[in-house]
1. Taking every DSSP beta bridge that has both residues in the stretch 171-316, what percent is antiparallel when rounded to the nearest 5?
2. At 1.4 Å probe size, what's the solvent-accessible area of T282? Round to the nearest 10 Å².
3. Over the Cα atoms of the stretch 239-299, what radius of gyration and what Dmax do you get, in Å?
4. Quick check: net charge around A377, other residues with Cβ under 12 Å of its Cβ, Lys/Arg +1 and Asp/Glu -1?
5. Going through the stretch 11-73, which chymotrypsin sites (Phe, Trp or Tyr not before Pro) have at most 15 other Cβ atoms within 10 Å and a DSSP loop state?
6. Do any trypsin sites (Lys or Arg not before Pro) in the stretch 305-394 lie in a DSSP loop with no more than 15 other beta carbon atoms within 10 Å, and if so, which?
7. For the chain, what does -39500 (n - 2.57) per DSSP helix run (n ≥ 4), summed and divided by total residues, give at 222 nm, in deg cm²/dmol to the nearest 500?
8. When the accessible area of the chain is split by element with a 1.4 Å probe, what percent falls to carbon and sulfur?
Amino acid sequence: MKQQFKGLCVPVLEHPKLQDILLIPVIGPRRDLKKHASEVIVGAQCGYAVLRGAHVYVPGIVSTSRFVKAGDLVSVYSDIEGKCKRGAKEFDGVKVFLGNGISELSRSEIFSSSGQLKGLGIRMIEPVYLSPSFDNVLPSHLFLQNLPSVVVSHILNPQPGEKILDMCAAPGGKTTHLAALMHDQGEVIAMDKIANKIKKIKQNAELLQLNCIKAFCYDGTKALSVEKREDKQEGPPFLPESFDRILLDAPCSGMGQRPNMVYSSTLKEVTSYQPLQRKLFTVAVELLKPGGVLVYSTCTITLSENEEQVAWALKTFPCLQLHPQEPHIGGEGMKGAGLSLDQLKLLQRFDPSAVTLRGMDINSLQGSREDDLISLANKDCIGFFIAKFIKSNS
């Protein structure tokens, strides 16, 4: 990290409530960066990655200035509306400054007609947000995750020897965390209906040397078996009451993701998630053993996908009870879904817009207390929602 930050010493903090979590402050936005005449325009997804510490790879480059050569200093911008034409020599549309870098290739090489190039295109040397890159840094020991995504696994609190289901598991961050919390003892079943994502879960499990994870390409809405299974069948569908604990990190509208350069979903697409979430939830309740724990979470901020789903679940499934969450780092639930104040206190909502956040420059970092940095990390995160249910024995 000192090499990446040119000798600057950035603290690595241990979270007081989550001892397996390290927090690293991000410096920015840096407002004193000089912009260069040569420009490179990248797509919104590439821009998102650059803001989180990545360099620019060739497939993410949409256009460059006319005479860009290898070794040139360039300013990098994100085309957030997707209106820049590939190979354009200038762009006057809406763009966001991401920082400065050094071009690894010439314009003619980037837009070569011989085929799509891969590899590094721009090496970022002055990003607007100074965030360390963890490419190939202790890959079998460290896994990058947003703080609320880590909190979810602790709230489910899997125990060694239990059988756990991660219903919508890709890319496997929570899956591997659950397995680690269980000390790799027991069984973690991971499901996702996209084959390439299952491959990624298996790769992450292998990289972190976790053996208790079994990943299956399967639609979670069809994971409940109505017929008797063969004794040797490991994968879905499963018989009722097969799991000690279930994590339903449901497909959602994703409005809590940060940084987010663009949001392209239509109103119809946003409203399509609630019925899907209810189908998955219904299957989860059937698959959970009496006395078991079900954790429902989303990375969105809408009432309809969060608190309204909790109210629906409590009304539809009398066997479910809301349960306190530990640790409780986020805020309470949002009013408007008919839940009582006591019920809202049992929910956990991470909402960065609820607090005023200031930028972190080098001087303020050096002058900050550790407690203040941890408090900032607890608030300056993605938008996220968590509810914990216990299934009664009766």
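1. Values: 0 of 12 bridges.
Antiparallel bridges make up about 0 percent of those DSSP assigns within the stretch 171-316.
2. 50 Å²
3. When restricted to the Cα atoms of the stretch 239-299, Rg and Dmax are 14.4, 43 Å.
4. Numbers: positive: K17, K379; negative: E14, E370, D371, D372, D380.
Result for the local shell: -3.
5. Values: sites: Y48, Y57, F67; in loops: F67.
Loop-located and lightly packed - F67.
6. Details: sites: K315, K335, K345, R349, R358, R369, K379, K388, K391; in loops: K335, R358, R369.
Hits after loop and neighbour filter: K335, R358, R369.
7. Numbers: 11 runs with 96 residues, N = 394.
Theoretical 222 nm ellipticity from helices: -7000 deg cm²/dmol.
8. Working: 10090 of 19910 Å².
Here it works out to 51 percent.
The values are calculated or read from the model by the stated rules, or taken from the named source; none is laboratory data. What you see is a predicted model; the values in this text were computed from it and never measured. Positions of Cβ are generated from backbone atoms using ideal geometry, with glycine treated the same way; all protein chains shown enter the neighbour counts. Quick note on the areas: whole protein, heavy atoms, side chains included, nothing else; ligands and nucleic acids left out. Shrake-Rupley method; radii C 1.70, N 1.55, O 1.52, S 1.80 Å.
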